[in-house]
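One structure below.
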Amino acid sequence: MKVHLKIKRFNPEKDSKSWWGEYDVNVDPTDRVLDALHLVKWYQDGTFNVRRSCAHGVCGSDAVRINGQNRLACKVLIQDIVKNDGDTITVEPILGLPVIKDLIVDMEPFFDHYKSVMPYFVNDEALPADGRERLQNIADRERYDQGTKCILCACCTTSCPSFWLNDDYVGPAAVVQAHRFIFDSRDRAAEERLKILNEQMGVWRCRTAFNCTNACPREIPVTQLIGEVKKALATGEIR
Amino acid sequence: MTKHHQFDAIIVGGGGAGLEAALHASKSANVAVVTKLYPTRSHTGTAQGGIAAALGNMEPDSWEWHMYDTVKGGDYLVDQDAAEILARDAIDAIIELEHMGLPFDRTPDGKIEQRRFGGHTANFGEKAVMRACKAADRTGHMILQTLYQQCIKNKVNFFNEYFVTDIIVEDNVCRGVVAINVADSEVHLFHAKAVLIASGGFGKMFKVTSNAHTLTGDPVAAYYRRGLPLEDMEFFQFHPTGIYKLGILLSEAARGEGAIFINDKGERFMERYMPTLKDLAPRDICSRCIYEEVRAGRGIGGKDYVYMDFRPGTINKFKSGPGGRDVTREHLEKALPDILEFARVYMGIDPMKDPVPIQPTAHYAMGGIPTDADGRALADNTNVVTGLYAAGECACVSVHGANRLGTNSLVDLVVFGRRGGKAMADFCKPAGFAPLPITAAADTIAEFDRIRAGRGSERAAAIRADLQNMMTNYVGVFRNGPDMQKAVEGVRELKARFKNIKTDDTGKIFNTDVLETFELGCLLDLAEVTAAAALRRTETRGGHAREDFQERDDANWLNHSMAYRADDKRDAAVTRCDIRFENKPVTITKFQPKERKY
């Protein structure tokens, strides 16, 4: 079938502002939006740019705004968003991060926020004397499972109205990453992370708009995890 | 303007092998990781089902059994000294990952939980054993995330989205690498005492593949272009369970949990071929059996695919669950969430209700840059390139021989990434910086100028599509002389077309038009070596199955192949010369080659 792609284009070497590129491509209904973008790049205009790698929703490279919603271009099928032959699909860069070129945004501010919440395991206690793994029961392992699914695609953070308003806010992805360690029974740095998230640009910037939960391609209940961090701060208890 | 950097050690690639090496090397050396992606985008993150180690948490197990399975799985082309290290070191390496916080699934008593996987057995082939440590079906994701997290903690330097184009080797001494900063196309020289290549695979030479778009083997091609050998390139693994037509992988963990193959007649056909392990036979065998069924007209609806059936009703009817126990839908949803979702999203099929159409998909390069067991890259059968290392899929130690066992890729990258990182740190302590040649970047600049100026008539995408079709059709699961001859000649024709390239983007900022064309050039070189090495090997062994030579031939072919460019040129461009082959002996220690049956 034929679809009409309307893609937000911007090349800082040539353009003073962004413009809409319009392209018709022939696709199968079961093709991914990423396949349609490739048809533009490979056979119509090689100057067009999008980041991508695995093409099946695991590496997190191709977060873009499709028909106004943050999605991974490789995880949306044409048939999921198009009804009729010739229908239009709009593709824009995710919002709130500086655009480098076309659909490519500067990910550094996103990763800086990520790094600010100590997104790594901390436990300096002596290792088990038998040289084996630290034990963790099934319920304790389950407690932080949701956050471990995060692929750092930035769909959540760049859908967040609080982040759009002030990009100093650490954003939902960073809170999810902090949650993954705060609620891990083996970790010993929860208090330090909570202190970071209690600061002005921390978790209290969240206004529970739920955009993040809707945007997450990994179906992580992001707003719920943020709520659990807020509760830990409010009650002083990590449960 | 070329920009200069100096580090004790440079690691090319930010996947599992690169990050393991970076973590260990950075304990004493000043290290930088140079990667064409953000590290968390690396393909290690797509590995699903598990990482093997004989922890024995579920049932008795031993590293000797793991070693034996690895050797037999590789159809005895495995170097057994390396396989012993793989199986022994796996235990420590996985415990170390747990100590870094990796969220492994747990047993009721809090230990790391393990599951069955193809070709992993107890007591030298007696029955399937639970050896694969896992985090649901996102084990690779958790390994990649955990290693990246620890690299942040340990303040490892990263150059993200820097594309390495060339390895600087002179007088058999590695001096650094050349890279292009994707953001602005500036050329950067990384001067180093030691370099470790961890660039992953190059499966994008095939049409139906589980590999990412970015898996084009650029530094492996650079190694070859610098006159250095590539080992065992004819051995490429076709994983039996790719989603039909798309090639997206559905993990072998599905069969570990009890899923089975079904043909058009509803038969569990693996019972006929491999009576002991059945659906848990190694991948090369399962892929061939699927196509045998298709050839016999028993593909689904007579077509070129079969079903993988995950439905609890089927698993319980055939008693194919772990230990013959019944499984529930709830358990499968918990154990295999991602692959169930892949089937739902990309096929519109709910595997709990309907069987899933699958076909073999190009998955893993057993061959690559030859190394010793400490990751040191080899210049020939015995001598190392001073200061140059490789680990992970791009390397050939060789622990996979003619066919890799499931989970052993993650074991390989963790074990040999770690050993390579330690070895390069030790090397860096006394070593100085060998001087950089003044013209180190000249070949890269020349090739990129040529591509950027391309005003010909050939689109890279069209050449790439032709390459992928040809390799899938002619150098696939079953191979024969005339077809592979067509592939070798065909790649050479594509190389001629590559001269006449058409480039749209002449800019500097994020010019992936030029980079994708350079990547295609790398694939053309690697595909040519793959096809030529496969044509040369007149036997059937592991993943290399020939219709015209159907038996394994230990008398003539129990050796590795080493492929060198045959001319004297050394540059960063696509080669236009013959390939010279040599043989390298296989190291055999504990297990004499036997017939391979399961």
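Among the listed residues B:Ala446, B:Ala461, B:Ala453, identify the single one that is touching a helix residue (DSSP H, G or I) at 6+ places or on another chain (Cβ under 7 Å), at negative phi and not assigned by TED's automatic domain parsing to the domain that holds B:Arg226.
Being touching a helix residue (DSSP H, G or I) at 6+ places or on another chain (Cβ under 7 Å), at negative phi and not assigned by TED's automatic domain parsing to the domain that holds B:Arg226 holds for just one of B:Ala446, B:Ala461, B:Ala453, which is B:Ala461.
Would you say B:Pro482 is outside any helix (DSSP H, G or I) and farther than 22 Å from B:Gly203 by Cα?
Taking the combined requirement at face value, the residue does not satisfy it.
Could you pull out the residue among B:Glu113, B:Glu170, B:Glu186 that is within 27 Å of B:Leu378 (Cα to Cα), more than 21 Å from the chain's Cα centre (by Cα) and of a type outside the set (Val, Ile, Thr)?
B:Glu170
Which residues, counting only those in region B:555-580, are crowded, with 17+ Cβ neighbours inside 10 Å and touching a residue at least 24 places away in the same chain (Cβ under 8 Å)?
B:Leu558, B:His560, B:Ser561, B:Met562, B:Ala563, B:Tyr564, B:Arg565, B:Ala572, B:Ala573, B:Val574, B:Thr575, B:Ile579
Please find, among B:Leu494, B:Leu535, the residue that is crowded, with 17+ Cβ neighbours inside 10 Å and touching a Leu at 6+ places or on another chain (Cβ under 7 Å).
Step by step, each of B:Leu494, B:Leu535 is checked, and only B:Leu494 is crowded, with 17+ Cβ neighbours inside 10 Å and touching a Leu at 6+ places or on another chain (Cβ under 7 Å).
Name the residue, out of A:Asp106, A:Asp85, A:Asp102, that is of a type in the set (D, E, K, R) and away from chain B (no Cβ under 11 Å).
A:Asp85
Can you report the number of residues in region B:1-39 which are assigned to a strand (DSSP E or B) and among the charged types (D, E, K, R)?
2
Given the criterion over 19 Å from B:Ala17 (Cα atoms) and within 14 Å of chain A (Cβ to nearest Cβ), identify the matching residue among B:Thr70, B:Thr107.
Among B:Thr70, B:Thr107, only B:Thr107 is over 19 Å from B:Ala17 (Cα atoms) and within 14 Å of chain A (Cβ to nearest Cβ).
Can you find a residue in region B:134-154 that is within 11 Å of chain A (Cβ to nearest Cβ), among the hydrophobic types (A, V, I, L, M, F, W, C), closer than 27 Å to A:Phe121 by Cβ and surrounded by fewer than 20 Cβ atoms within 10 Å (Cβ to Cβ)?
yes
Return yes when A:Asp62 is at positive phi, touching a residue at least 12 places away in the same chain (Cβ under 8 Å) and within 10 Å of chain B (Cβ to nearest Cβ) and no when it is not.
For A:Asp62, the condition - at positive phi, touching a residue at least 12 places away in the same chain (Cβ under 8 Å) and within 10 Å of chain B (Cβ to nearest Cβ) - is not met.
Restricted to region B:81-92, and to residues that are away from every other protein chain (no Cβ under 12 Å) and either among the acidic types (Asp, Glu) or buried (at least 22 other Cβ atoms within 10 Å of the Cβ) (or both), which residue is nearest to B:Thr146 (Cα to Cα)?
B:Ala90
Tell me which residues, restricted to region A:163-214, are more than 17 Å from the chain's Cα centre (by Cα) and closer than 14 Å to A:Asp112 by Cα.
Across region A:163-214, the qualifying residues are A:Ile196, A:Met201, A:Gly202.
Keeping to region B:3-26, report how many residues are farther than 19 Å from B:Leu144 by Cα and in contact with a helix residue (DSSP H, G or I) (Cβ under 8 Å, 6 or more places away or on another chain).
2
Can you report the number of residues in region A:76-100 which are over 20 Å from the mean Cα position of the chain (by Cα) and free of Cβ contacts under 8 Å to residues at least 40 places away in the same chain?
Looking only at that region, the number is 3.
Among the residues in region A:229-236, are any modelled with pLDDT under 95 and assigned to a loop (DSSP other than H, G, I, E, B)?
yes
Return the residues of region A:1-36 that are without any contact (Cβ under 8 Å) to a residue 60 or more places away in the chain and among the hydrophobic types (A, V, I, L, M, F, W, C); say none if nothing qualifies.
A:Trp19, A:Trp20, A:Val25, A:Val27, A:Val33, A:Leu34, A:Ala36
Can you pull out every residue in region A:1-12 that is outside any loop (DSSP other than H, G, I, E, B) and farther than 9 Å from A:Asp102 by Cβ?
A:Lys2, A:Val3, A:His4, A:Leu5, A:Lys6
Could you check region A:113-216 for helices (runs of 4 or more DSSP H) lying wholly inside it with 1 or more residues that are more than 14 Å from every other protein chain (Cβ to nearest Cβ) and crowded, with 20+ Cβ neighbours inside 10 Å?
Those helices (runs of 4 or more DSSP H) span A:161-165, A:172-182, A:190-197, A:211-215.
Scan region B:407-428 and tell me whether some residue there is in the same structural domain as B:Asp374 (by TED's automatic domain parsing), part of a loop (DSSP other than H, G, I, E, B) and not aromatic (Phe, Trp, Tyr).
Looking for residues that are in the same structural domain as B:Asp374 (by TED's automatic domain parsing), part of a loop (DSSP other than H, G, I, E, B) and not aromatic (Phe, Trp, Tyr), one finds at least one in region B:407-428, hence yes.
Which number in (1) buried (at least 19 other Cβ atoms within 10 Å of the Cβ); (2) farther than 30 Å from A:Asp15 by Cβ; (3) hydrophobic (A, V, I, L, M, F, W, C); (4) touching a strand residue (DSSP E or B) at 6+ places or on another chain (Cβ under 7 Å) marks the one condition that B:Ala460 misses?
Only one criterion is unmet by B:Ala460, namely (2).
Just one of (1) crowded, with 24+ Cβ neighbours inside 10 Å; (2) more than 14 Å from chain A (Cβ to nearest Cβ) trips up B:Asp350, so point out which.
The single condition B:Asp350 does not satisfy is (1).
Please enumerate the residues belonging to region B:24-49 that are within 13 Å of another protein chain (Cβ to nearest Cβ) and either free of Cβ contacts under 8 Å to residues at least 24 places away in the same chain or closer than 19 Å to B:Ser409 by Cβ (or both).
Once the filter is applied, which keeps residues that are within 13 Å of another protein chain (Cβ to nearest Cβ) and either free of Cβ contacts under 8 Å to residues at least 24 places away in the same chain or closer than 19 Å to B:Ser409 by Cβ (or both), region B:24-49 yields B:Thr35, B:Leu37, B:Pro39, B:Thr40, B:Arg41, B:Ser42, B:His43, B:Thr44, B:Gly45, B:Thr46, B:Ala47, B:Gln48.
So which residues in region A:65-82 are crowded, with 22+ Cβ neighbours inside 10 Å, more than 9 Å from every other protein chain (Cβ to nearest Cβ) and of a type in the set (Lys, Arg), if there are any at all?
If the condition is that a residue be crowded, with 22+ Cβ neighbours inside 10 Å, more than 9 Å from every other protein chain (Cβ to nearest Cβ) and of a type in the set (Lys, Arg), then A:Arg71 is the only one that fits.
Kindly indicate the residue of region B:495-517 that is assigned to a loop (DSSP other than H, G, I, E, B) and among the polar types (S, T, N, Q) and also nearest to the other protein chains (Cβ to nearest Cβ) among those meeting that condition.
Only one residue tops the list, namely B:Thr503.
Within region B:116-131, does at least one residue satisfy the condition of being more than 9 Å from chain A (Cβ to nearest Cβ) and within 24 Å of A:Ser185 (Cα to Cα)?
Within region B:116-131 (the criterion being more than 9 Å from chain A (Cβ to nearest Cβ) and within 24 Å of A:Ser185 (Cα to Cα)), the answer is no, since none of the residues qualifies.
Which residue is nearest to B:Tyr244 (Cα to Cα), if the candidates are limited to region B:329-343 and must be away from chain A (no Cβ under 11 Å) and in a helix (DSSP H, G or I)?
Filtering region B:329-343 for residues that are away from chain A (no Cβ under 11 Å) and in a helix (DSSP H, G or I), the one nearest to B:Tyr244 (Cα to Cα) comes out as B:Ala343.
Residues of region B:354-398 being buried (at least 24 other Cβ atoms within 10 Å of the Cβ) and in a loop (DSSP other than H, G, I, E, B), which ones?
Hits for region B:354-398 are B:Met366, B:Gly367, B:Gly375, B:Ala391, B:Gly392, B:Glu393, B:Cys394, B:Val397, B:Ser398.
Looking at A:Asp28, A:Asp35, A:Asp15, A:Asp24 in this structure, which one is more than 9 Å from chain B (Cβ to nearest Cβ), under 26 Å from B:Asp338 (Cα atoms) and not in a helix (DSSP H, G or I)?
Within the list A:Asp28, A:Asp35, A:Asp15, A:Asp24, the selection yields A:Asp28.
Yes or no: region B:160-177 includes at least one residue that is farther than 30 Å from B:Ile10 by Cα and in contact with a Pro (Cβ under 9 Å, 6 or more places away or on another chain).
No: zero hits.
The values are calculated or read from the model by the stated rules, or taken from the named source; none is laboratory data. This structure is a prediction, so every number in the text was calculated from the model and none was measured. All Cβ positions, glycine included, derive from the backbone under ideal geometry; neighbour counts span all protein chains shown.
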